[in-house]
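The structure appears below as structure tokens.
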Amino acid sequence: MTTRDLDSSTVKSAYARWAPIYDAGCGPVMVKGRRAAASAARAVGGRILEVGVGTGLSFDDYDASTEITGIDLSAPMLAKAREKMASGRYPHVRDVQLMDAHSMTFASAAFDCVVAQFVITLVADPERVLSECHRVVKPGGRIILVNHLYSEVGLAAAVERWAAQRTRSLGLRPEFPFARLQAWAHANKDAILIERRKVAPFGIYTLVCFERSRQARAA
Ligand SMILES: C[S@@+](CC[C@H](N)C(=O)[O-])C[C@H]1O[C@@H](n2cnc3c(N)ncnc32)[C@H](O)[C@@H]1O
């Protein structure tokens, strides 16, 4: 039994509070997961959309061969990302926009790759966000997610269930099951689960990759 999905107003108020301390507090802890996702995205290359770009901690993980667009629901988090862009160190980052991942304003098939690092478990409707990511990625393109996912069994699962209610107001969700991501792919024609692997540190994060099929499958 897992908790209900977070709502957008909880997420907005949580990340308004996180913004001033996010880089110091969450930068080092999540760096390996973030890098693994960015590395998988670099292998696809081209136009990359980062959903829930936050303060732009991933900007260092891409290079001039890619073109990054970021979106986020939180204006204070995006303000930090814009400060990084203003440094001039990230010419590959073309734009960051205040936008809700549930209803993106981008044209369909606008990106080669969509990346969401530590985001999909927090959104109000994860399946809808996945479908939006699928819509804006080109056929043959990829959706790359990295997150802590629910451990399902044992002590870790018990701790995650215990922590779930207590961390909601912080905009955290420790008990989101992989099965939901898998079920979304099964229910969506043209979405293929191509990778699921643990990443450092200690395998606490999971990288999940979907490909949008080049050939539309029959419904
Ligand atoms: C844990 S932070 C991760 C930030 C960044 N990806 C990183 O790895 O540091 C989650 C981010 O997702 C954003 N977010 C949550 N729900 C969103 C939504 N519906 N649309 C866009 N961004 C959202 C939050 O505002 C926050 O900046």
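Each value in this text was obtained by applying a stated rule to the coordinates, not by laboratory testing. Nothing here was measured: the structure is a model prediction, and the numbers come from that model. As a convention, Cβ positions derive from the backbone with ideal geometry for all residues, glycine included, and neighbour counts pool all protein chains shown.
Across the options ASN147, ALA164, ALA179, the greatest Cα extent toward the positive end of the charge dipole of the chain (unit charges at beta carbon of Lys, Arg, Asp, Glu) belongs to ALA179.
Comparing GLY27, GLY88, GLY171 in a Gaussian network model of the chain, where Cα atoms under 10 Å apart are tied by springs, the biggest mean-square fluctuation is seen for GLY88. Our estimate of slack between ASP60 and GLN165, defined as 0.36 nm per intervening residue step minus the Cα-Cα distance, is 34.4 nm.
How high is the relative contact order of the range 8-212, in percent, counting Cα pairs under 8 Å that sit 6 or more residues apart?
Values: 396 pairs, mean separation 43.9, N = 205.
Value for the range 8-212: 21 percent.
Based on the Cβ-Cβ distance from GLU195 to THR10, what FRET efficiency comes out when R0 is 35 Å, to the nearest 0.05? Please list the in-between numbers first.
Working: r = 31 Å, r/R0 = 0.87.
That pair, GLU195 with THR10, gives E of 0.70.
Note on the chain: helix-only mean residue ellipticity at 222 nm, from DSSP H runs of 4+ residues weighted -39500 (n - 2.57) and normalised by residue number, equals -12000 deg cm²/dmol.
Quick one: if the Förster radius is 22 Å, what FRET efficiency do ALA86 and ARG17 give, using the C-beta to C-beta distance and rounding to 0.05? Intermediate results must be reported in sequence, preceding the final value.
Details: r = 23 Å, r/R0 = 1.06.
Here the calculated transfer efficiency is 0.40.
Applying the Karplus relation 6.51 cos²θ - 1.76 cosθ + 1.60 with θ = phi - 60° to the range 45-60 yields 3J(HN,Hα) values of x, x, 8, 10, 9, 9, 8, x, 5, x, 8, x, 4, 7, 3, 5 Hz, where x marks Gly and Pro. Taking a straight line from the alpha carbon of LYS189, these lysines sit under 20 Å away, with near neighbours fewer than eight places off in the same chain left out: LYS138. How much net charge surrounds GLY56 when only the other residues with a Cβ under 10 Å from the Cβ of GLY56 are counted, with Lys and Arg +1 and Asp and Glu -1? Spelling it out: positives minus negatives among the neighbours equals -2. Taking every DSSP bridge with both residues inside the chain, close to 40 percent are antiparallel.
Stretch CYS26-MET1 to full length: gain in nm at 0.36 nm per residue minus the Cα-Cα span?
Numbers: separation 25, 0.36 × 25 = 9.00 nm, distance 2.75 nm.
This chain segment gains 6.3 nm when fully extended.
Subtracting the Cα-Cα distance of ASP100 and ALA179 from 0.36 nm times their residue separation leaves 26.0 nm of extension gain. Distance from the Cα centroid of the range 152-219 to that of the range 17-92 is 21 Å (rounded to whole angstrom). Other residues within the sphere of radius under 15 Å centred on the Cβ of PRO76, judged by their own Cβ, net out at +2 (K and R +1, D and E -1).
Given 4 °C and 1.567 mPa s, compute D for the chain with the Stokes-Einstein relation, Rh being the Kirkwood radius over Cα pairs; round to the nearest whole µm²/s. If you can, show how the numbers build up before the last one.
Details: Rh = 17.4 Å.
It diffuses with D of about 74 µm²/s by this estimate.
Taking θ as phi - 60° and the Karplus parameters 6.51, -1.76 and 1.60, the scalar couplings of the range 200-208 work out to 5, x, 6, x, 7, 10, 10, 9, 10 Hz in sequence order, x denoting glycine and proline.
Going by a ≥ b ≥ c, the root eigenvalues of the Cα gyration tensor, does the range 111-219 fall in the rounded group (a/c under 1.5), the prolate group (a/b larger than b/c) or the oblate group? In terms of gyration-tensor shape, prolate.
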